[in-house]
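The values are calculated or read from the model by the stated rules, or taken from the named source; none is laboratory data. Predicted, not measured: the structure shown is a model, and the values here were computed from it. Cβ: placed from backbone, ideal geometry, glycine included. Neighbour counts: every protein chain shown.
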Amino acid sequence: AQKVTQAQTEISVVEKEDVTLDCVYETRDTTYYLFWYKQPPSGELVFLIRRNSFDEQNEISGRYSWNFQKSTSSFNFTITASQVVDSAVYFCALNVYGNKLVFGAGTILRVKS
Amino acid sequence: NAGVTQTPKFRVLKTGQSMTLLCAQDMNHEYMYWYRQDPGMGLRLIHYSVGEGTTAKGEVPDGYNVSRLKKQNFLLGLESAAPSQTSVYFCASSYSSGLAGDEQYFGPGTRLTVT
């Protein structure tokens, strides 16, 4: 069975702090994809990144970076110099076959000014 | 290009009433999905469709039915609403060549309350 665990229910930081959101996944398949989505207070789901299981390179996009480690089945997301606009719920998701996503429970990030 | 749209945005139902949620996409995507989002549980897949005229069950299909009569539309029906179906419902679509990994595009959500 596939499972995604986001152990951090809620994180609060002060603006400009760095913050890492953890994601641990479980699957027996060797081919899979991992995703991060952002859900701001307005409610829509915004795609952030996709990573396939054969590509363990870390990725950086502006203040966002992702660390994929197959050895620990983790796909962690770091926001550098957080801003109030980063306040949202962040979901990690796993896609194994049939393009069906399995979501984690989400982490609420609150960035205070 | 509107992407994925959902109708209605909000709805309040009484227990036992029925309703249909409409999802439409204008991206010519083959795959469409219905999810529900509940506090502390992330999004869970209700039903999905891999093409016009097809539907399949997801993780939590009980109490819901779906239809995909046209490629661009995916309908989610509640025949007899229950308070446990109070949730936010998201529709999504993806192109999908049949392989996993295609990005899913989400609609804005429908907030449903069953009293």
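Taking first residues from the range A:1-23 that are under 22 Å from B:Leu43 (Cβ atoms) and partners that are of a type in the set (S, T, N, Q) and outside any strand (DSSP E or B), the Cβ contacts under 6 Å between residues at least 6 apart in sequence or on separate chains come to A:Gln2/A:Thr27; A:Asp22/A:Gln8; A:Cys23/A:Gln6.
Of the residues examined, B:Glu30 is not one that is surrounded by 13 or more Cβ atoms within 10 Å (Cβ to Cβ) and without any contact (Cβ under 8 Å) to a residue 24 or more places away in the chain.
Looking at the range B:74-87 only, could you name the residues that are surrounded by fewer than 16 Cβ atoms within 10 Å (Cβ to Cβ) and either under 14 Å from the mean Cα position of the chain (by Cα) or closer than 30 Å to A:Arg50 by Cα (or both)? Full working, then the answer.
Filtering the range B:74-87 for residues surrounded by fewer than 16 Cβ atoms within 10 Å (Cβ to Cβ) gives B:77, B:79-80, B:82-84.
Correct list: B:Gly77 only.
Screening the range B:96-115 for residues that are more than 9 Å from every other protein chain (Cβ to nearest Cβ) and part of a loop (DSSP other than H, G, I, E, B) and picking the one that is modelled with the lowest pLDDT gives B:Ser97.
To keep it simple, each residue is scored yes or no on (1) charged (D, E, K, R); (2) within 14 Å of chain B (Cβ to nearest Cβ); (3) not in a helix (DSSP H, G or I).
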site: A:Phe77; (1), (2), (3): no, no, yes
site: A:Ser82; (1), (2), (3): no, no, yes
site: A:Val85; (1), (2), (3): no, no, no
site: A:Cys92; (1), (2), (3): no, yes, yes
site: A:Tyr97; (1), (2), (3): no, yes, yes
site: A:Val102; (1), (2), (3): no, yes, yes
site: A:Arg110; (1), (2), (3): yes, no, yes
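Taken across the range A:38-61, residues that are at pLDDT 95 or above, of a type in the set (S, T, N, Q) and within 20 Å of B:Tyr105 (Cβ to Cβ) do occur, with at least one present. For B:Glu103, the conditions (1) within 23 Å of A:Ser42 (Cα to Cα); (2) of a type outside the set (Gly, Ala, Ser); (3) within 12 Å of the chain's Cα centre (by Cα) all hold with the exception of (3).
The single condition from (1) buried (at least 16 other Cβ atoms within 10 Å of the Cβ); (2) within 14 Å of chain A (Cβ to nearest Cβ) that B:Tyr64 fails is (2).
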